[in-house]
Number of protein chains: 2
Amino acid sequence: MPLDPAAETVITAFHAGPPAVQGLVRDLRLRWAFEEIGRPYRAETFDAFAPRSAEYLQRQPFNQVPAFDDGHQPLFETGAILLYLGEQDERLLPRDPGGRWQAITWAFAALSSVEPAVSPLVVTNMIHRDKPWADPAREAFLQHTHRVLGHLSEALAGKDWIAGTFSIADILLATVLRPLDRTPGLLDGYPVVAAYKARAEGRPAFHRALADHLAAFQQHETAGEPA
Amino acid sequence: MPLDPAAETVITAFHAGPPAVQGLVRDLRLRWAFEEIGRPYRAETFDAFAPRSAEYLQRQPFNQVPAFDDGHQPLFETGAILLYLGEQDERLLPRDPGGRWQAITWAFAALSSVEPAVSPLVVTNMIHRDKPWADPAREAFLQHTHRVLGHLSEALAGKDWIAGTFSIADILLATVLRPLDRTPGLLDGYPVVAAYKARAEGRPAFHRALADHLAAFQQHETAGEPA
(Lines give C-alpha, C1' and ligand atoms only; values in the text may rest on other atoms or scores of the structure.)
Protein backbone atom coordinates (compact mmCIF):
# COMPACT_ATOMS: atom_id res chain seq x y z
CA MET A 1 0.00 0.00 0.00
CA PRO A 2 1.91 3.07 -1.19
CA LEU A 3 -0.12 5.54 0.89
CA ASP A 4 1.48 4.96 4.30
CA PRO A 5 1.37 7.47 7.18
CA ALA A 6 4.78 6.27 8.39
CA ALA A 7 6.57 6.53 5.01
CA GLU A 8 9.76 8.56 4.80
CA THR A 9 8.84 9.88 1.32
CA VAL A 10 6.44 12.81 1.61
CA ILE A 11 4.61 14.91 -0.95
CA THR A 12 2.31 17.89 -0.52
CA ALA A 13 -1.20 17.98 -2.00
CA PHE A 14 -4.55 19.70 -1.54
CA HIS A 15 -7.52 18.50 0.49
CA ALA A 16 -9.69 21.49 -0.40
CA GLY A 17 -9.80 23.94 -3.27
CA PRO A 18 -11.78 24.81 -6.38
CA PRO A 19 -13.96 21.79 -7.28
CA ALA A 20 -12.82 22.07 -10.91
CA VAL A 21 -9.24 21.09 -10.05
CA GLN A 22 -10.11 17.86 -8.22
CA GLY A 23 -8.68 15.04 -10.29
CA LEU A 24 -6.22 17.35 -12.05
CA VAL A 25 -3.78 18.67 -9.40
CA ARG A 26 -0.23 17.57 -10.13
CA ASP A 27 0.29 15.49 -6.98
CA LEU A 28 -1.69 12.92 -9.02
CA ARG A 29 1.39 12.41 -11.23
CA LEU A 30 3.53 11.43 -8.24
CA ARG A 31 0.86 9.27 -6.60
CA TRP A 32 0.59 7.40 -9.93
CA ALA A 33 4.35 6.82 -10.09
CA PHE A 34 4.42 5.57 -6.48
CA GLU A 35 1.59 3.13 -7.26
CA GLU A 36 3.37 1.81 -10.37
CA ILE A 37 6.39 0.79 -8.29
CA GLY A 38 4.73 0.13 -4.92
CA ARG A 39 6.80 2.81 -3.19
CA PRO A 40 5.32 3.93 0.16
CA TYR A 41 4.68 7.65 0.55
CA ARG A 42 2.61 9.96 2.67
CA ALA A 43 0.76 13.11 1.64
CA GLU A 44 0.71 16.33 3.65
CA THR A 45 -2.49 18.01 2.52
CA PHE A 46 -3.83 21.51 2.94
CA ASP A 47 -6.44 23.92 1.61
CA ALA A 48 -5.52 25.43 -1.77
CA PHE A 49 -7.02 28.74 -0.61
CA ALA A 50 -5.23 28.88 2.74
CA PRO A 51 -2.12 31.05 2.91
CA ARG A 52 1.05 28.99 3.11
CA SER A 53 3.78 29.68 5.65
CA ALA A 54 6.91 31.51 4.51
CA GLU A 55 8.76 28.23 5.12
CA TYR A 56 6.64 26.52 2.48
CA LEU A 57 8.28 28.66 -0.21
CA GLN A 58 11.56 26.95 0.69
CA ARG A 59 9.95 23.66 -0.30
CA GLN A 60 8.00 24.95 -3.32
CA PRO A 61 9.22 28.37 -4.52
CA PHE A 62 6.04 29.03 -6.54
CA ASN A 63 3.76 28.19 -3.59
CA GLN A 64 2.19 25.28 -5.48
CA VAL A 65 1.86 21.55 -4.87
CA PRO A 66 3.42 19.04 -4.94
CA ALA A 67 6.67 19.47 -3.07
CA PHE A 68 8.64 16.25 -2.53
CA ASP A 69 11.14 15.03 0.03
CA ASP A 70 12.42 11.51 0.63
CA GLY A 71 14.80 12.47 3.42
CA HIS A 72 17.68 12.70 0.94
CA GLN A 73 16.68 15.10 -1.84
CA PRO A 74 13.98 17.78 -1.66
CA LEU A 75 12.52 18.56 -5.10
CA PHE A 76 9.58 20.64 -6.30
CA GLU A 77 8.74 20.08 -10.01
CA THR A 78 6.82 16.96 -11.06
CA GLY A 79 9.05 16.55 -14.14
CA ALA A 80 12.18 16.55 -11.98
CA ILE A 81 10.63 14.35 -9.29
CA LEU A 82 9.49 11.76 -11.85
CA LEU A 83 12.97 11.74 -13.38
CA TYR A 84 14.44 11.24 -9.89
CA LEU A 85 12.05 8.34 -9.18
CA GLY A 86 12.72 6.93 -12.64
CA GLU A 87 16.47 6.86 -12.09
CA GLN A 88 15.77 4.63 -9.08
CA ASP A 89 13.36 2.23 -10.78
CA GLU A 90 13.46 0.97 -14.35
CA ARG A 91 9.70 0.37 -14.36
CA LEU A 92 9.46 4.16 -14.67
CA LEU A 93 12.51 4.85 -16.83
CA PRO A 94 14.42 2.36 -18.99
CA ARG A 95 18.07 1.72 -18.09
CA ASP A 96 19.40 1.42 -21.66
CA PRO A 97 20.59 4.83 -22.92
CA GLY A 98 18.42 4.85 -26.06
CA GLY A 99 15.25 4.00 -24.15
CA ARG A 100 16.15 6.35 -21.31
CA TRP A 101 16.66 9.36 -23.57
CA GLN A 102 13.57 8.57 -25.63
CA ALA A 103 11.53 8.66 -22.41
CA ILE A 104 13.25 11.82 -21.16
CA THR A 105 12.79 13.74 -24.42
CA TRP A 106 9.08 12.79 -24.42
CA ALA A 107 8.77 13.75 -20.74
CA PHE A 108 9.99 17.23 -21.67
CA ALA A 109 7.75 17.20 -24.78
CA ALA A 110 4.68 16.51 -22.63
CA LEU A 111 5.50 19.55 -20.49
CA SER A 112 6.95 21.92 -23.11
CA SER A 113 5.19 21.03 -26.38
CA VAL A 114 1.84 19.49 -25.35
CA GLU A 115 0.97 21.22 -22.08
CA PRO A 116 1.32 24.74 -23.59
CA ALA A 117 -1.28 23.68 -26.18
CA VAL A 118 -3.68 22.60 -23.42
CA SER A 119 -3.14 25.12 -20.61
CA PRO A 120 -4.40 28.30 -22.32
CA LEU A 121 -7.71 26.51 -22.94
CA VAL A 122 -7.86 25.28 -19.35
CA VAL A 123 -6.99 28.68 -17.90
CA THR A 124 -9.57 30.38 -20.11
CA ASN A 125 -12.23 27.80 -19.20
CA MET A 126 -11.51 27.64 -15.48
CA ILE A 127 -10.43 31.13 -14.51
CA HIS A 128 -11.66 33.50 -17.21
CA ARG A 129 -14.81 31.77 -18.49
CA ASP A 130 -17.08 34.68 -17.52
CA LYS A 131 -14.94 37.32 -19.21
CA PRO A 132 -16.36 38.77 -22.45
CA TRP A 133 -13.16 37.81 -24.32
CA ALA A 134 -13.19 34.16 -23.24
CA ASP A 135 -15.02 32.78 -26.30
CA PRO A 136 -12.93 34.39 -29.08
CA ALA A 137 -9.70 33.77 -27.16
CA ARG A 138 -10.61 30.10 -26.69
CA GLU A 139 -11.31 29.78 -30.41
CA ALA A 140 -7.92 31.27 -31.24
CA PHE A 141 -6.08 29.06 -28.73
CA LEU A 142 -7.84 25.97 -30.12
CA GLN A 143 -5.97 26.33 -33.41
CA HIS A 144 -2.71 25.54 -31.65
CA THR A 145 -4.36 22.76 -29.62
CA HIS A 146 -5.53 21.10 -32.84
CA ARG A 147 -2.11 21.46 -34.48
CA VAL A 148 -0.37 19.80 -31.53
CA LEU A 149 -2.98 17.03 -31.19
CA GLY A 150 -2.52 16.27 -34.88
CA HIS A 151 1.24 15.89 -34.46
CA LEU A 152 0.75 13.85 -31.29
CA SER A 153 -1.60 11.49 -33.14
CA GLU A 154 1.11 10.79 -35.69
CA ALA A 155 3.73 10.27 -32.97
CA LEU A 156 1.45 7.82 -31.12
CA ALA A 157 0.40 5.82 -34.19
CA GLY A 158 1.06 2.13 -33.68
CA LYS A 159 2.39 2.60 -30.13
CA ASP A 160 0.93 1.62 -26.79
CA TRP A 161 3.23 4.05 -24.96
CA ILE A 162 4.84 7.21 -26.26
CA ALA A 163 8.46 6.13 -25.71
CA GLY A 164 8.01 2.43 -26.46
CA THR A 165 7.58 0.98 -22.98
CA PHE A 166 5.52 2.60 -20.22
CA SER A 167 7.55 5.36 -18.51
CA ILE A 168 7.43 8.71 -16.75
CA ALA A 169 6.75 10.21 -20.19
CA ASP A 170 3.33 8.52 -20.17
CA ILE A 171 2.51 9.70 -16.65
CA LEU A 172 3.24 13.26 -17.77
CA LEU A 173 1.62 13.05 -21.20
CA ALA A 174 -1.59 11.38 -20.00
CA THR A 175 -2.06 13.80 -17.10
CA VAL A 176 -1.32 16.75 -19.40
CA LEU A 177 -4.13 15.53 -21.70
CA ARG A 178 -6.68 14.97 -18.91
CA PRO A 179 -7.99 18.56 -18.73
CA LEU A 180 -9.14 18.23 -22.36
CA ASP A 181 -12.07 16.23 -20.95
CA ARG A 182 -13.47 19.61 -19.91
CA THR A 183 -13.83 20.54 -23.61
CA PRO A 184 -16.42 17.95 -24.70
CA GLY A 185 -15.86 16.43 -28.11
CA LEU A 186 -12.37 17.86 -28.57
CA LEU A 187 -10.60 14.49 -28.65
CA ASP A 188 -13.23 12.95 -30.97
CA GLY A 189 -11.15 14.01 -33.95
CA TYR A 190 -8.05 12.31 -32.48
CA PRO A 191 -9.03 8.69 -31.82
CA VAL A 192 -5.38 7.62 -31.45
CA VAL A 193 -4.83 10.21 -28.72
CA ALA A 194 -8.15 9.39 -27.04
CA ALA A 195 -7.31 5.67 -27.04
CA TYR A 196 -3.84 6.37 -25.61
CA LYS A 197 -5.31 8.50 -22.82
CA ALA A 198 -7.91 5.80 -22.02
CA ARG A 199 -5.17 3.13 -22.01
CA ALA A 200 -3.10 5.15 -19.53
CA GLU A 201 -6.12 5.93 -17.33
CA GLY A 202 -7.02 2.24 -17.41
CA ARG A 203 -3.87 1.16 -15.55
CA PRO A 204 -4.64 -0.16 -12.06
CA ALA A 205 -1.94 2.10 -10.61
CA PHE A 206 -3.67 5.14 -12.09
CA HIS A 207 -7.01 4.06 -10.57
CA ARG A 208 -5.47 3.72 -7.11
CA ALA A 209 -3.65 7.05 -7.42
CA LEU A 210 -6.76 8.90 -8.55
CA ALA A 211 -8.83 7.32 -5.76
CA ASP A 212 -6.33 8.50 -3.11
CA HIS A 213 -6.06 11.94 -4.73
CA LEU A 214 -9.87 12.35 -4.61
CA ALA A 215 -10.18 10.76 -1.17
CA ALA A 216 -8.09 13.59 0.32
CA PHE A 217 -10.85 16.02 -0.70
CA GLN A 218 -13.69 13.71 0.35
CA GLN A 219 -12.26 12.90 3.78
CA HIS A 220 -11.78 16.57 4.47
CA GLU A 221 -15.39 17.33 3.48
CA THR A 222 -16.66 14.45 5.61
CA ALA A 223 -14.66 15.83 8.52
CA GLY A 224 -17.04 18.81 8.40
CA GLU A 225 -14.94 21.44 6.72
CA PRO A 226 -16.40 22.29 3.32
CA ALA A 227 -14.01 21.86 0.38
CA MET B 1 34.96 27.90 -32.52
CA PRO B 2 31.84 25.85 -31.76
CA LEU B 3 30.11 26.65 -35.07
CA ASP B 4 31.94 24.22 -37.36
CA PRO B 5 30.59 22.97 -40.72
CA ALA B 6 32.37 19.65 -40.22
CA ALA B 7 31.07 18.95 -36.71
CA GLU B 8 29.31 15.67 -36.02
CA THR B 9 26.82 17.34 -33.67
CA VAL B 10 24.02 18.96 -35.65
CA ILE B 11 21.02 21.07 -34.67
CA THR B 12 18.24 22.54 -36.76
CA ALA B 13 17.40 26.24 -36.70
CA PHE B 14 15.72 28.92 -38.81
CA HIS B 15 17.35 31.30 -41.27
CA ALA B 16 14.10 33.07 -42.15
CA GLY B 17 10.79 33.60 -40.40
CA PRO B 18 8.75 36.23 -38.60
CA PRO B 19 11.11 39.10 -37.64
CA ALA B 20 9.66 39.08 -34.11
CA VAL B 21 11.12 35.66 -33.34
CA GLN B 22 14.72 36.50 -34.27
CA GLY B 23 16.72 36.32 -31.06
CA LEU B 24 14.12 34.14 -29.36
CA VAL B 25 13.99 30.80 -31.24
CA ARG B 26 14.99 27.91 -29.03
CA ASP B 27 18.08 26.83 -30.97
CA LEU B 28 19.64 29.78 -29.09
CA ARG B 29 19.53 27.68 -25.91
CA LEU B 30 21.65 24.95 -27.50
CA ARG B 31 24.07 27.34 -29.21
CA TRP B 32 24.62 28.95 -25.80
CA ALA B 33 25.37 25.58 -24.17
CA PHE B 34 27.80 24.64 -26.96
CA GLU B 35 29.62 27.97 -26.51
CA GLU B 36 29.88 27.52 -22.73
CA ILE B 37 31.77 24.24 -23.20
CA GLY B 38 33.44 24.89 -26.57
CA ARG B 39 31.70 21.93 -28.20
CA PRO B 40 31.71 22.08 -32.02
CA TYR B 41 28.34 21.88 -33.72
CA ARG B 42 26.79 22.73 -37.04
CA ALA B 43 23.36 24.21 -37.74
CA GLU B 44 21.04 23.05 -40.52
CA THR B 45 18.87 26.07 -41.15
CA PHE B 46 15.65 26.56 -43.07
CA ASP B 47 12.76 28.96 -43.54
CA ALA B 48 10.22 28.85 -40.69
CA PHE B 49 7.43 29.32 -43.23
CA ALA B 50 8.59 26.59 -45.65
CA PRO B 51 6.82 23.25 -45.35
CA ARG B 52 9.04 20.59 -43.78
CA SER B 53 9.46 17.13 -45.29
CA ALA B 54 7.57 14.22 -43.76
CA GLU B 55 10.97 12.90 -42.65
CA TYR B 56 11.52 16.00 -40.53
CA LEU B 57 8.69 14.88 -38.22
CA GLN B 58 10.83 11.87 -37.35
CA ARG B 59 13.45 14.27 -36.02
CA GLN B 60 11.05 16.79 -34.44
CA PRO B 61 7.53 15.40 -33.98
CA PHE B 62 5.98 18.85 -33.52
CA ASN B 63 7.63 20.25 -36.67
CA GLN B 64 9.60 22.81 -34.66
CA VAL B 65 13.27 23.63 -34.16
CA PRO B 66 15.69 22.65 -32.79
CA ALA B 67 16.17 18.97 -33.44
CA PHE B 68 19.51 17.55 -32.25
CA ASP B 69 21.72 14.65 -33.27
CA ASP B 70 25.29 13.91 -32.27
CA GLY B 71 25.53 10.65 -34.21
CA HIS B 72 24.65 8.70 -31.06
CA GLN B 73 21.38 10.03 -29.69
CA PRO B 74 18.76 12.02 -31.62
CA LEU B 75 16.71 14.27 -29.32
CA PHE B 76 14.15 17.01 -29.89
CA GLU B 77 13.32 19.03 -26.76
CA THR B 78 15.72 21.73 -25.54
CA GLY B 79 15.19 20.66 -21.92
CA ALA B 80 16.16 17.06 -22.73
CA ILE B 81 19.06 18.11 -24.98
CA LEU B 82 20.50 20.43 -22.33
CA LEU B 83 20.21 17.64 -19.74
CA TYR B 84 22.00 15.30 -22.17
CA LEU B 85 24.78 17.84 -22.74
CA GLY B 86 24.95 18.54 -19.01
CA GLU B 87 25.46 14.88 -18.16
CA GLN B 88 28.55 15.02 -20.40
CA ASP B 89 30.02 18.24 -19.00
CA GLU B 90 29.97 19.46 -15.42
CA ARG B 91 30.28 23.09 -16.54
CA LEU B 92 26.60 22.71 -17.51
CA LEU B 93 25.40 20.39 -14.74
CA PRO B 94 27.12 19.73 -11.40
CA ARG B 95 28.27 16.18 -10.73
CA ASP B 96 27.40 16.07 -7.01
CA PRO B 97 23.86 14.73 -6.52
CA GLY B 98 22.58 17.70 -4.51
CA GLY B 99 23.82 20.23 -7.05
CA ARG B 100 22.70 18.10 -9.97
CA TRP B 101 19.13 17.77 -8.71
CA GLN B 102 18.93 21.42 -7.71
CA ALA B 103 19.83 22.32 -11.32
CA ILE B 104 17.43 19.75 -12.78
CA THR B 105 14.47 20.81 -10.65
CA TRP B 106 15.10 24.46 -11.66
CA ALA B 107 15.47 23.46 -15.32
CA PHE B 108 11.98 21.96 -15.13
CA ALA B 109 10.76 25.00 -13.16
CA ALA B 110 11.95 27.35 -15.92
CA LEU B 111 9.92 25.36 -18.46
CA SER B 112 6.88 24.37 -16.35
CA SER B 113 6.46 27.18 -13.81
CA VAL B 114 8.02 30.27 -15.42
CA GLU B 115 7.50 29.78 -19.16
CA PRO B 116 3.70 29.26 -18.77
CA ALA B 117 3.59 32.67 -17.06
CA VAL B 118 5.41 34.27 -20.01
CA SER B 119 4.07 32.45 -23.09
CA PRO B 120 0.42 33.55 -22.99
CA LEU B 121 1.64 37.16 -23.05
CA VAL B 122 4.03 36.43 -25.90
CA VAL B 123 1.43 34.56 -27.92
CA THR B 124 -1.10 37.32 -27.40
CA ASN B 125 1.43 40.01 -28.34
CA MET B 126 2.93 38.23 -31.33
CA ILE B 127 0.08 36.29 -32.88
CA HIS B 128 -3.16 37.83 -31.64
CA ARG B 129 -2.20 41.47 -31.08
CA ASP B 130 -4.74 42.76 -33.62
CA LYS B 131 -7.65 40.79 -32.17
CA PRO B 132 -10.23 42.84 -30.26
CA TRP B 133 -9.77 40.62 -27.19
CA ALA B 134 -5.97 40.99 -27.05
CA ASP B 135 -5.88 43.87 -24.54
CA PRO B 136 -8.21 42.47 -21.86
CA ALA B 137 -6.73 39.00 -22.25
CA ARG B 138 -3.21 40.38 -21.84
CA GLU B 139 -4.28 42.23 -18.69
CA ALA B 140 -5.71 39.03 -17.25
CA PHE B 141 -2.63 36.96 -18.13
CA LEU B 142 -0.38 39.59 -16.58
CA GLN B 143 -1.75 38.78 -13.12
CA HIS B 144 -0.17 35.34 -13.30
CA THR B 145 3.04 36.78 -14.80
CA HIS B 146 3.37 39.16 -11.86
CA ARG B 147 2.70 36.39 -9.32
CA VAL B 148 5.41 34.18 -10.82
CA LEU B 149 7.93 37.02 -11.19
CA GLY B 150 7.38 37.86 -7.52
CA HIS B 151 8.15 34.28 -6.47
CA LEU B 152 11.12 34.15 -8.82
CA SER B 153 12.52 37.36 -7.28
CA GLU B 154 12.47 35.72 -3.86
CA ALA B 155 14.08 32.55 -5.19
CA LEU B 156 16.87 34.56 -6.87
CA ALA B 157 17.57 36.85 -3.91
CA GLY B 158 21.25 36.78 -3.02
CA LYS B 159 22.14 34.36 -5.83
CA ASP B 160 24.13 34.87 -9.00
CA TRP B 161 22.67 31.71 -10.55
CA ILE B 162 19.37 30.02 -9.79
CA ALA B 163 20.82 26.66 -8.69
CA GLY B 164 23.98 28.02 -7.04
CA THR B 165 26.53 27.60 -9.84
CA PHE B 166 25.84 28.39 -13.51
CA SER B 167 24.01 25.46 -15.16
CA ILE B 168 21.48 24.41 -17.78
CA ALA B 169 18.83 25.83 -15.43
CA ASP B 170 20.18 29.33 -16.12
CA ILE B 171 20.25 28.79 -19.89
CA LEU B 172 16.59 27.80 -19.72
CA LEU B 173 15.46 30.40 -17.20
CA ALA B 174 17.23 33.34 -18.87
CA THR B 175 15.95 32.45 -22.34
CA VAL B 176 12.43 31.93 -20.96
CA LEU B 177 12.58 35.47 -19.52
CA ARG B 178 13.91 37.11 -22.71
CA PRO B 179 10.51 37.61 -24.43
CA LEU B 180 9.48 39.85 -21.53
CA ASP B 181 11.64 42.54 -23.19
CA ARG B 182 8.73 42.89 -25.61
CA THR B 183 6.55 44.18 -22.77
CA PRO B 184 8.40 47.42 -21.90
CA GLY B 185 8.67 48.20 -18.23
CA LEU B 186 7.43 44.83 -17.04
CA LEU B 187 10.66 43.83 -15.32
CA ASP B 188 11.12 47.28 -13.72
CA GLY B 189 9.22 46.05 -10.69
CA TYR B 190 11.52 43.04 -10.37
CA PRO B 191 15.08 44.39 -10.20
CA VAL B 192 16.46 41.08 -8.91
CA VAL B 193 15.04 39.25 -11.94
CA ALA B 194 16.17 41.99 -14.34
CA ALA B 195 19.71 41.88 -12.91
CA TYR B 196 19.79 38.09 -13.16
CA LYS B 197 18.68 38.21 -16.80
CA ALA B 198 21.29 40.87 -17.59
CA ARG B 199 23.99 38.81 -15.83
CA ALA B 200 23.11 35.75 -17.93
CA GLU B 201 22.94 37.75 -21.15
CA GLY B 202 26.30 39.29 -20.27
CA ARG B 203 28.17 36.00 -20.48
CA PRO B 204 30.59 35.88 -23.45
CA ALA B 205 29.17 32.49 -24.48
CA PHE B 206 25.70 34.00 -24.70
CA HIS B 207 26.99 36.85 -26.87
CA ARG B 208 28.64 34.43 -29.30
CA ALA B 209 25.54 32.21 -29.41
CA LEU B 210 23.20 35.12 -30.06
CA ALA B 211 25.51 36.48 -32.77
CA ASP B 212 25.51 33.13 -34.60
CA HIS B 213 21.75 32.73 -34.13
CA LEU B 214 21.15 36.18 -35.69
CA ALA B 215 23.82 35.71 -38.37
CA ALA B 216 21.84 32.80 -39.81
CA PHE B 217 19.03 35.23 -40.63
CA GLN B 218 21.35 37.98 -41.84
CA GLN B 219 23.42 35.76 -44.13
CA HIS B 220 20.24 34.43 -45.69
CA GLU B 221 18.93 37.97 -46.30
CA THR B 222 22.27 39.04 -47.75
CA ALA B 223 22.10 36.02 -50.05
CA GLY B 224 19.13 37.72 -51.69
CA GLU B 225 16.19 35.82 -50.27
CA PRO B 226 14.18 38.08 -48.00
CA ALA B 227 13.79 36.80 -44.44
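Of the listed requirements (1) in contact with a strand residue (DSSP E or B) (Cβ under 8 Å, 6 or more places away or on another chain); (2) of a type in the set (D, E, K, R); (3) in contact (Cβ under 8 Å) with a residue 40 or more places away in the chain, A:Arg26 misses just one: (1).
Per-residue answers, yes or no, for (1) touching a His at 6+ places or on another chain (Cβ under 6 Å); (2) under 29 Å from A:Phe141 (Cα atoms); (3) part of a loop (DSSP other than H, G, I, E, B); (4) basic (Lys, Arg):
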position	(1), (2), (3), (4)
A:Pro184	no, yes, yes, no
A:Leu187	no, yes, no, no
A:Ala195	no, yes, no, no
A:Ala198	no, yes, no, no
A:Ala215	no, no, no, no
A:Glu221	no, no, no, no
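Condition first: open to solvent by 20 Å² or more (accessible area, probe 1.4 Å), assigned by TED's automatic domain parsing to the domain that holds B:Ile81 and over 19 Å from the mean Cα position of the chain (by Cα). Can you find one or more residues in the stretch B:159-167 that meet it? No, there is no match, as no residue in the stretch B:159-167 is open to solvent by 20 Å² or more (accessible area, probe 1.4 Å), assigned by TED's automatic domain parsing to the domain that holds B:Ile81 and over 19 Å from the mean Cα position of the chain (by Cα).
Given the criteria closer than 23 Å to A:Ser119 by Cβ, in contact (Cβ under 8 Å) with a residue 60 or more places away in the chain and assigned by TED's automatic domain parsing to the domain that holds A:Leu82, does A:Ala209 qualify? Considered against the rule, which asks whether it is closer than 23 Å to A:Ser119 by Cβ, in contact (Cβ under 8 Å) with a residue 60 or more places away in the chain and assigned by TED's automatic domain parsing to the domain that holds A:Leu82, A:Ala209 comes out as yes. Counting only helices (runs of 4 or more DSSP H) that sit wholly inside the stretch A:52-150, those with at least 3 residues that are at the interface with chain B (Cβ under 10 Å from one of its Cβ atoms) and within 27 Å of B:Gln143 (Cβ to Cβ) are A:78-88, A:115-126. In the set B:Arg59, B:Arg95, B:Arg26, B:Arg42, only one residue is within 17 Å of the chain's Cα centre (by Cα) and open to solvent by 40 Å² or more (accessible area, probe 1.4 Å); that residue is B:Arg26. From the list A:Thr124, A:Thr105, the one residue that fits, being within 24 Å of B:Pro66 (Cα to Cα) and either among the aromatic types (Phe, Trp, Tyr) or over 14 Å from the mean Cα position of the chain (by Cα) (or both), is A:Thr105.
The residue that is surrounded by the fewest Cβ atoms within 10 Å (Cβ to Cβ), among those in the stretch A:98-131 that are more than 15 Å from B:Pro61 (Cβ to Cβ) and among the small types (Gly, Ala, Ser), is A:Gly98.
Scan the stretch A:66-76 for residues that are within 21 Å of A:Ala216 (Cα to Cα) and either open to solvent by 10 Å² or more (accessible area, probe 1.4 Å) or not assigned by TED's automatic domain parsing to the domain that holds A:Gly17 (or both) and jot them down.
A:Asp69, A:Phe76
Scanning the stretch A:34-68 for residues that are farther than 29 Å from A:Ile127 by Cα and in contact with an Asp or Glu (Cβ under 9 Å, 6 or more places away or on another chain) gives A:Glu35, A:Glu36, A:Ile37, A:Arg39, A:Pro40, A:Tyr41, A:Arg42. Could you list all residues from the stretch B:151-182 that are of a type in the set (Asp, Glu) and in a helix (DSSP H, G or I)? If the condition is that a residue be of a type in the set (Asp, Glu) and in a helix (DSSP H, G or I), then B:Glu154, B:Asp170, B:Asp181 are the ones that fit.
The rows are residues; the columns are (1) at pLDDT 95 or above; (2) closer than 24 Å to A:Asp4 by Cβ; (3) within 15 Å of the chain's Cα centre (by Cα); (4) among the hydrophobic types (A, V, I, L, M, F, W, C).
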{"position": "A:Leu173", "(1), (2), (3), (4)": "yes, no, yes, yes"}
{"position": "A:Val176", "(1), (2), (3), (4)": "yes, no, yes, yes"}
{"position": "A:Asp181", "(1), (2), (3), (4)": "no, no, yes, no"}
{"position": "A:Pro184", "(1), (2), (3), (4)": "no, no, no, no"}
{"position": "A:Asp188", "(1), (2), (3), (4)": "yes, no, no, no"}
{"position": "A:Val193", "(1), (2), (3), (4)": "yes, no, no, yes"}
{"position": "A:Ala205", "(1), (2), (3), (4)": "yes, yes, yes, yes"}
{"position": "A:Ala209", "(1), (2), (3), (4)": "yes, yes, yes, yes"}
{"position": "A:Asp212", "(1), (2), (3), (4)": "yes, yes, yes, no"}
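Kindly indicate whether A:Leu152 is over 30 Å from B:Thr124 (Cβ atoms) and buried (at least 22 other Cβ atoms within 10 Å of the Cβ).
Details: over 30 Å from B:Thr124 (Cβ atoms): no; buried (at least 22 other Cβ atoms within 10 Å of the Cβ): yes.
No, not satisfied.
Count of the stretch A:120-168 residues, restricted to those that are without any contact (Cβ under 8 Å) to a residue 24 or more places away in the chain and among the polar types (S, T, N, Q), is 2. Count of the stretch B:198-223 residues, restricted to those that are open to solvent by 80 Å² or more (accessible area, probe 1.4 Å) and under 19 Å from B:Ala20 (Cβ atoms), is 2.
The values are calculated or read from the model by the stated rules, or taken from the named source; none is laboratory data. What you see is a predicted model, and the numbers here were worked out from it, not measured in a lab. All Cβ positions, glycine included, derive from the backbone under ideal geometry; neighbour counts span all protein chains shown. Just so you know, the surface numbers come from the protein's heavy atoms only, side chains and all, with ligands and any DNA or RNA stripped out. Shrake-Rupley method; radii C 1.70, N 1.55, O 1.52, S 1.80 Å.
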